[in-house]
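The values are calculated or read from the model by the stated rules, or taken from the named source; none is laboratory data. As the structure is a computational prediction, the values presented were derived from the model and not from experiment. Reconstructed Cβ throughout: ideal geometry from the backbone, glycine too, with neighbour counts over all protein chains shown. Protein only, heavy atoms only, side chains kept; ligands, DNA and RNA dropped before computing areas. Shrake-Rupley method; radii C 1.70, N 1.55, O 1.52, S 1.80 Å.
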Amino acid sequence: MLRFGELKKLARASAGEGKPLRIALLGDSATQLLATAMRGTFVHRNLNVSLFEADYNQVEMQLLNPSSQLHAFDPEIVILFQSSHKLLLEHAARPFAQKAMLAADRLSFIESTAGLPWMKGRKLIVFNYPEADDAVFGSYANKVPQSFAWQVRKLNCGLMDLASDCPDLYICDLDSLQAKYGRDRLFPANLYVSTDMVLSLDMLPLAAARAADIICALKGTFKKCLVLDLDNTLWGGVIGEDGLEGIQLGHGLGIGKAFTEFQLWVRKLRERGIIVCVVSKNDEAVAKGPFTGHPDMVLSLEDIAVFIANWETKADNIAVLQKILNIGFDAMVFLDDSPFERNIVRQGIPEITVPELPEDPADRLEYLYSLNLFETLSFSTTDADRTRMYREEAGRMAFSRTFANEDEYLASLGMVSDVSGFNAFNTPRVAQLTQRSNQFNLRTVRYSEGDISTLAADPSNICLALTLQDRFGDNGLVAVAILKATDDETLFIDTWLMSCRVLKRGMEAFTLNCMVSAALAAGFSKIVGAYIPTPKNAMVAGLYPSLGFEALGDGRYGLDAKSYTPLPCHITIKDK
Amino acid sequence: MTRKDIYPRLGAIMCEVFDLDSVDINDTTTADDIPEWDSLSHIQLVVAVEKAFGIKFSSREIMRWQNVGELADSVIAKIG
């Protein structure tokens, strides 16, 4: 973590190339230092951001006045930072009976802000409120709704309720930073009185990092996979030397408790959709021994998407892993107790995140919590199935080797697809795919759940969500297309993306067939597509010409829907 | 301990905070004499001096200093 002084120097650096992301910071206390820390953090993370900072304490005026500087700036993201201290002053100023309404009033302000017509299409990030006990009632405050402790907690809970209902509202969890580091480190009383600062210089980089984590996730940069070493990482000791009875795991032997609790954390990550893999220098049978034979093992082999145990270098093995999973190295976290192995992996694969795991296993979880590695923007229940899907994929790879050619193999899979529009059930997954898909993504437009609902509500759009199922299992919703009418005859492919776990199955041909028949059914005769290059989507650079589109220039391609012959593929529409 | 004993360390801290190669400070130096010394970097300076000397300034002190000499007096009073 960079210190404030370093961030301040970075903040002066150039913001990078291309069109900057426009972010506005509104606060009810002095925000210059927070803004400086944010600017430095954005530069440090290669985020090209133009940050607008409103004058002190103009939140309402800037939001509500159509001729305000904020409206003129036209931000894509609005960050609202209101301090617990201002809240405490407001609490003090209220008549006693009105104190019980403090949280409700603030929540209704935030709810109405999120619901402003002007906010439509923009994201709102709200810092929550670090708890403070004014000790007016002591612990009895927990029985008194008018107490500050009651109100600030109610406010934070209310923000969670609100955020779970508003797809474009995200909470930046400042209170969790205070829970970790303590109020005395967060709040500099001497500087607050003399300069109105509510966050200490030491805390500013952490607060800015939490906001940047959300913004990176909004831009599609987040971790998808956890790669684990085994010996002295997942259990204490060396399985090849100490044997099944000698390793430390569980509450019996040595510091086994630390490893058990680490495994419980890994399993929770797996349940929330993080792909968990093992890369170990071991014989495979020995390495798998504890998974199948140790009574205190929390993780089972079913929790591990890909298990690699051999004597190759870890950097080479992680490269193999990357090919199987088809995700970027920058989406991976590698955990290993050995500084030597960590350095080899860092040198071989600079993009991967390799935390400096503390030597004492007891310190590791708290350290890992502090890194906030697994920020996300969405969660859907299908996330929990991701590991199962990768395991099925490994089964498909083994099965495919028994066929002479690919066509014969694809025909044998019995692939069916459920094709539908966007609805309440699939909206979270559709939004998530627009945020996560980097490789097979023609224009890489990121949408929130709110955006997806808006697109679906417009009858002039054709929205397609496609699943894929075969004899090995259900991949779930894997492809999305959004077509917008540009005139009476023409549809423009605003979004076409596909999950990389269904590459090379003919899904792109099937999706195009579906697009064309939907276009014809709606009375359109032309389809226009475009390719916008990113560092990650080179695989679809030539997609349109390869599917029969004609180049129109400027990276645009056209297809005559009326003379289109459906492309051959082995996927059929699922019977409902 | 006198103000002059403090200045070399104070100067080094100021160079670090204000990102300068050298500063020339004396009893009457104020923020007006150093362009990089603004209200934001002043907060950095306060925190950096607190950390370097292992002390904590009171809000009254932070508000009261008129020049570098008085800042040095606050440090001396705390470290003895």
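Looking only at residues in segment A:511-544 that are surrounded by fewer than 19 Cβ atoms within 10 Å (Cβ to Cβ) and over 16 Å from A:Phe492 (Cα atoms), the one that is nearest to the chain's Cα centre (by Cα) is A:Lys536.
Among the candidates A:Lys484, A:Lys504, single out the residue that is at pLDDT 95 or above, over 22 Å from the mean Cα position of the chain (by Cα) and open to solvent by 40 Å² or more (accessible area, probe 1.4 Å). Break it down into steps so the answer makes sense when it comes.
Details: A:Lys504 fails: at pLDDT 95 or above.
The unique qualifying residue is A:Lys484.
Applying the selection to segment A:214-233, what residues are open to solvent by 20 Å² or more (accessible area, probe 1.4 Å) and among the charged types (D, E, K, R)? Once the filter is applied, which keeps residues that are open to solvent by 20 Å² or more (accessible area, probe 1.4 Å) and among the charged types (D, E, K, R), segment A:214-233 yields A:Lys219, A:Lys223, A:Lys224, A:Asp231. Kindly indicate which of A:Thr454, A:Thr467, A:Thr427 is within 17 Å of A:Leu218 (Cα to Cα) and of a type in the set (Val, Ile, Thr). A:Thr427 is the lone residue from the list that is within 17 Å of A:Leu218 (Cα to Cα) and of a type in the set (Val, Ile, Thr).
Scan segment A:208-221 and give yes if some residue there is charged (D, E, K, R), part of a helix (DSSP H, G or I) and at pLDDT below 95, otherwise no. Working first, answer last.
Looking only at segment A:208-221, we keep the residues that are charged (D, E, K, R), and these are A:210, A:213, A:219.
Filter once more, so that each one left must be part of a helix (DSSP H, G or I): A:210, A:213.
Next cut, at pLDDT below 95 only: none.
No: zero hits.
Being over 22 Å from A:Ala485 (Cα atoms) and either open to solvent by 20 Å² or more (accessible area, probe 1.4 Å) or under 16 Å from the mean Cα position of the chain (by Cα) (or both) is the filter here, so list the residues in segment A:432-467 that pass it.
Within segment A:432-467, A:Gln432, A:Leu433, A:Gln435, A:Arg436, A:Ser437, A:Asn438, A:Gln439, A:Thr467 qualify.
Looking only at residues in segment A:150-196 that are touching a Ser or Thr at 6+ places or on another chain (Cβ under 8 Å) and assigned to a loop (DSSP other than H, G, I, E, B), the one that is farthest from the other protein chains (Cβ to nearest Cβ) is A:Pro167. Just to be sure before I move on: is B:Lys78 surrounded by 13 or more Cβ atoms within 10 Å (Cβ to Cβ), of a type in the set (Lys, Arg) and at pLDDT below 95 in the structure I sent? Taking the combined requirement at face value, the residue satisfies it. Inspection of segment A:506-522 identifies no residue that is more than 17 Å from A:Val445 (Cβ to Cβ), of a type outside the set (Gly, Ala, Ser) and outside any helix (DSSP H, G or I).
As a summary of the residue check, A:Val227 satisfies the conditions (1) within 23 Å of A:Ser370 (Cβ to Cβ); (2) touching a residue at least 24 places away in the same chain (Cβ under 8 Å); (3) not in a strand (DSSP E or B) except for the one numbered (3). Of the residues making up segment B:18-29, one or more are open to solvent by less than 30 Å² (accessible area, probe 1.4 Å) and within 14 Å of chain A (Cβ to nearest Cβ).
I'd like to check something: does segment A:125-137 contain any residue that is within 19 Å of A:Ala431 (Cα to Cα) and more than 14 Å from chain B (Cβ to nearest Cβ)? There is at least one residue in segment A:125-137 that is within 19 Å of A:Ala431 (Cα to Cα) and more than 14 Å from chain B (Cβ to nearest Cβ).
A:Asp470 meets all of the listed conditions (1) under 23 Å from the mean Cα position of the chain (by Cα); (2) acidic (Asp, Glu); (3) under 21 Å from A:Ile324 (Cα atoms) but one, namely (1).
Scanning segment B:1-17 for residues being in a helix (DSSP H, G or I) and more than 14 Å from every other protein chain (Cβ to nearest Cβ) gives a total of 9.
Of the conditions (1) in a strand (DSSP E or B); (2) farther than 15 Å from A:Leu497 by Cα, A:Pro545 clears all except one; give me its number. With respect to (1) in a strand (DSSP E or B); (2) farther than 15 Å from A:Leu497 by Cα, A:Pro545 is out only on (1). I want to confirm something. Restricting to segment A:121-149 and keeping residues that are open to solvent by 30 Å² or more (accessible area, probe 1.4 Å) and in contact (Cβ under 8 Å) with a residue 24 or more places away in the chain, which single residue is farthest from A:Thr454 (Cα to Cα)? Among them, the one singled out is A:Asp134. Considering A:Leu88, A:Leu116, A:Leu102, the condition of being open to solvent by 30 Å² or more (accessible area, probe 1.4 Å), in contact with an Asp or Glu (Cβ under 7 Å, 6 or more places away or on another chain) and in contact (Cβ under 8 Å) with a residue 24 or more places away in the chain is satisfied by A:Leu88 alone.
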